[in-house]
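Shown next, in structure tokens, is the structure this report addresses.
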Ligand code: ARG
């Protein structure tokens, strides 16, 4: 492509280190679409003849059909997808192919192709997350009144409902989707026509190419347009945060599936066995979701560090922008799909959860609240009295509501018969009806809102 200026060809190692075709061939659809939009615009603006524009467009269609049928050939001498396509085009239609690159550089070309690819990746993440939200809302609605222990420090804290717990993840995924939406809106400007870095002397119509490729408008600074990879970083940041949420959920499923917890049975279809221990059923899909989150954060770190300190405009370092984005997108897609399957198919062992909620004195706060409400104690004093009751129950090895009234009154004479109603796990969760609380009625309300927001019946 630049033989005119060079006395000798590249060393073998130059060809190898320079080649991005092994990974950027994934951009072939975007590259063809952007080239077709570009040449149609060149034709409309009279920069190439209509006949040449049509010949080039038809040729590009042929190249695309070949790629579709046989895959993209990998010739390191051609470096990347842009030169691979242009070279094949020239083989197919002859020297007229050379007119395609008028008023364009690979710098604005790759910036455009990559934006188109990342935009699709954002849309795919959003579609996958919608399915995960539907699964969470469905299971959350089923279990709006199923009682489980709520934890802080992984110690039994207060009873909550499983529906409330699942809907907590719905909220996280709602924010993840909004991050992808924000990023998509911000990035939807077309760099094509910025050329190498300074713009072009040809009278091109950038609005036309922007529109043809589904962008809201053309970018406004050519230097920024060819050296900006914020859109990829925005994608990776949203992906990393989403992966982090999936990883927390995965961690809980792994813990819940362990024998001491036995809160959940994960579907066989998303578990594996052991080659030596016949009894084993391992939560591998959940573990890989947890593991993939680490790799996705690594992808974000990789591109962040690549971009740091690059002077304007394009530098070849930026060719390294694609592998971390491609890798993160593939890992995130798998993670979302695996998690959706696990949530949809999990068997929640609600009787076990309920039993566990009754252990660990999780209704102690309800006793303290009762003392405040019914006996007029200041909360700190009620906290102290309740602590003594827990101590006594623990020494007897019984639950709080299994202490007798006489025993409780021995701790504080102001405790009355009515307290027992407050000490059951049902009344504990039902009492927490503050906005956003765990009371089954509140959870149902939130589930109904969510179903509406997702367009579910
Ligand atoms: N393969 C290059 C990349 O992916 C295309 C842009 C090359 N531009 C250049 N000035 N060498 O970044």
Task: Residues located in region 35-57, provided they are within 17 Å of residue 95 (Cβ to Cβ) and under 38 Å from the mean Cα position of the chain (by Cα) - done: 35, 39, 57
TODO: Scan region 20-40 for residues that are surrounded by 23 or more Cβ atoms within 10 Å (Cβ to Cβ) and under 15 Å from residue 55 (Cβ atoms) and jot them down.
DONE: 35, 38, 39
Task: Every pair of residues 6+ apart whose Cβ atoms lie under 8 Å, when the first sits in region 310-332 and is over 15 Å from residue 81 (Cα atoms) while the second is outside any helix (DSSP H, G or I) and near the ligand (Cβ under 8 Å from one of its atoms) - done: 313/196; 314/196
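Considering each of 457, 441, 433 in turn, give the residue that is in the same structural domain as residue 361 (by the TED database), in a loop (DSSP other than H, G, I, E, B), within 44 Å of the chain's Cα centre (by Cα) and over 19 Å from residue 355 (Cα atoms). It would help to see each step written out before you state the result.
On the way: 457 fails: in the same structural domain as residue 361 (by the TED database); 441 fails: in a loop (DSSP other than H, G, I, E, B).
Going through 457, 441, 433 in turn, just one is in the same structural domain as residue 361 (by the TED database), in a loop (DSSP other than H, G, I, E, B), within 44 Å of the chain's Cα centre (by Cα) and over 19 Å from residue 355 (Cα atoms): 433.
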- [ ] Would you be able to tell me the number of residues in region 78-118 that are away from the ligand (no atom under 13 Å from the Cβ), part of a helix (DSSP H, G or I) and over 23 Å from the mean Cα position of the chain (by Cα)?
- [x] 13
- [ ] Considering only residues that are surrounded by 22 or more Cβ atoms within 10 Å (Cβ to Cβ) and within 12 Å of the ligand (Cβ to nearest atom), look in region 322-343 and name the one that is nearest to residue 105 (Cα to Cα).
- [x] 322
Task: Residue identified as in contact with a helix residue (DSSP H, G or I) (Cβ under 6 Å, 6 or more places away or on another chain) and part of a helix (DSSP H, G or I) among 69, 127, 121 - done: 121
- [ ] Of the numbered conditions (1) surrounded by fewer than 22 Cβ atoms within 10 Å (Cβ to Cβ); (2) not assigned by the TED database to the domain that holds residue 143, residue 309 fails exactly one; give the number of that condition.
- [x] (2)
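Out of 8, 16, report the one residue that is free of Cβ contacts under 8 Å to residues at least 24 places away in the same chain and away from the ligand (no atom under 12 Å from the Cβ). Outline the logic, then answer.
Numbers: 16 fails: free of Cβ contacts under 8 Å to residues at least 24 places away in the same chain.
From the options 8, 16, the qualifying one is 8.
Looking for something outside any strand (DSSP E or B), within 16 Å of the ligand (Cβ to nearest atom), in contact (Cβ under 8 Å) with a residue 60 or more places away in the chain and not assigned by the TED database to the domain that holds residue 46 - is there at least one such residue anywhere in region 175-192? Let's see the steps before the verdict.
The initial filter retains those residues of region 175-192 that are outside any strand (DSSP E or B), namely 175-188, 191-192.
Now drop any that are not within 16 Å of the ligand (Cβ to nearest atom), which leaves 191-192.
After this cut, where a residue has to be in contact (Cβ under 8 Å) with a residue 60 or more places away in the chain as well, the list is 191-192.
Next, from what is left, pick out any that are not assigned by the TED database to the domain that holds residue 46: 191-192.
Yes, region 175-192 contains at least one residue that is outside any strand (DSSP E or B), within 16 Å of the ligand (Cβ to nearest atom), in contact (Cβ under 8 Å) with a residue 60 or more places away in the chain and not assigned by the TED database to the domain that holds residue 46.
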Open item on the list: For residue 368, only one of the following conditions fails: (1) farther than 30 Å from residue 170 by Cβ; (2) buried (at least 19 other Cβ atoms within 10 Å of the Cβ); (3) assigned by the TED database to the domain that holds residue 167. What is its number?
Closed with: (3)
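Is it the case that residue 262 is in the same structural domain as residue 179 (by the TED database), away from the ligand (no atom under 16 Å from the Cβ), touching a residue at least 12 places away in the same chain (Cβ under 8 Å) and assigned to a helix (DSSP H, G or I)?
On the way: in the same structural domain as residue 179 (by the TED database): yes; away from the ligand (no atom under 16 Å from the Cβ): yes; touching a residue at least 12 places away in the same chain (Cβ under 8 Å): yes; assigned to a helix (DSSP H, G or I): no.
For residue 262, the condition - in the same structural domain as residue 179 (by the TED database), away from the ligand (no atom under 16 Å from the Cβ), touching a residue at least 12 places away in the same chain (Cβ under 8 Å) and assigned to a helix (DSSP H, G or I) - is not met.
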- [ ] Select, from 367, 331, 310, the only residue that is at pLDDT 95 or above and assigned to a helix (DSSP H, G or I).
- [x] 331
- [ ] Please work out if residue 65 is without any contact (Cβ under 8 Å) to a residue 60 or more places away in the chain and surrounded by fewer than 20 Cβ atoms within 10 Å (Cβ to Cβ).
- [x] yes
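The values are calculated or read from the model by the stated rules, or taken from the named source; none is laboratory data. Predicted model only: the values in this text are computed from it and were never measured. Heads up, the Cβs are rebuilt from the backbone with ideal geometry, glycines too, and the neighbour counts pull from every protein chain shown.
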